[in-house]
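Written out below as structure tokens is the structure these notes cover.
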Amino acid sequence: MKDQKTQMKIMLAWTLAWVVSLGILTANNKLAAENSLWDNIIYTIIGLIINLAIGIGMIIANKNLFKTYDELQKRIQFEAMAITLGLTVVVGLAYEVSFDFGIIGKEPEFEYLMMFISLSYIVANIVNSRRFR
């Protein structure tokens, strides 16, 4: 259990680092007109590489956290991931097609899909945790 708490803290640190690096990268990119630092494509590429490296660290930390789970925890997580993947494909494609056919007037935004993925994963984890009690 102590190893699991340690791995959870490591996972949290990598996730926070990735979110912060992505925020800095995208915020500065949107402000590029006022910030001459991001006008240079080399700095943007370096920022992207750093963000990707931190993201890979986050994935490895997640894999290491999974190694500490017992069989029930793994089943809960894998089922939540399967539900999330299925919902994301079905809802994401419906979202895109609804724009193509003119049902919604605004082009689909990736941010909304990411929010949907996060909420789906959280809800699936809660439902699975209660189901397997």
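Bear in mind that the values in this text are calculations on the coordinates, not laboratory data. What you are looking at is a predicted structure, and each value in this text was computed from that prediction instead of being measured. Glycine also receives a Cβ, built like all others from the backbone with ideal geometry; neighbour counts cover every protein chain displayed.
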(request) Could you grab the Rg to Rh ratio for segment 70-133? Cα atoms only, Kirkwood for Rh. (result) 1.13
(request) Place a +1 charge on the Cβ of each Lys and Arg in the chain and a -1 charge on the Cβ of each Asp and Glu, then give the dipole magnitude about the Cα centre in debye, rounded to the nearest 20. (result) 880
(request) Give the relative contact order (percent, whole number) for the chain; include only Cα pairs under 8 Å separated by 6+ residues. (result) 26
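Ranking Met115, Met11, Met81 by Cβ neighbours within 10 Å, fewest first, what do you get? Intermediate values should be presented prior to the final figure.
Numbers: Met115 11, Met11 18, Met81 14.
Fewest to most other Cβ atoms nearby, the residues stand as Met115, Met81, Met11.
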(request) Arrange the following residues from fewest to most other Cβ atoms within 10 Å of their Cβ: Phe66, Phe132, Phe101. (result) Phe101, Phe132, Phe66
(request) Would you calculate the separation in nanometres between label points at Phe132 and Asn40, each defined as 7 Å from the Cα along the Cα-to-beta-carbon direction? (result) 5.0
(request) Pop the C-beta distance of Ala27 and Ile117 into the FRET formula with R0 = 22 Å and round what comes out to the nearest 0.05. (result) 0.55
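Work out the length of the dipole vector of segment 70-133 about its Cα centre, built from +1 on the beta-carbon of each Lys and Arg and -1 on the beta-carbon of each Asp and Glu, and round it to the nearest 20 debye.
Values: 6 positive and 8 negative charges, 96 e Å.
Roughly 460 debye for segment 70-133.
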(message) Just to be sure I follow the rule: in the chain, considering lysines 8 or more places apart or on different chains, how many pairs have Cα atoms under 26 Å apart?
(response) 11
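So what's the chain giving for Cα Rg divided by 2.2 N^0.38 Å, two decimals?
Normalised Cα radius of gyration, the chain: 1.32.
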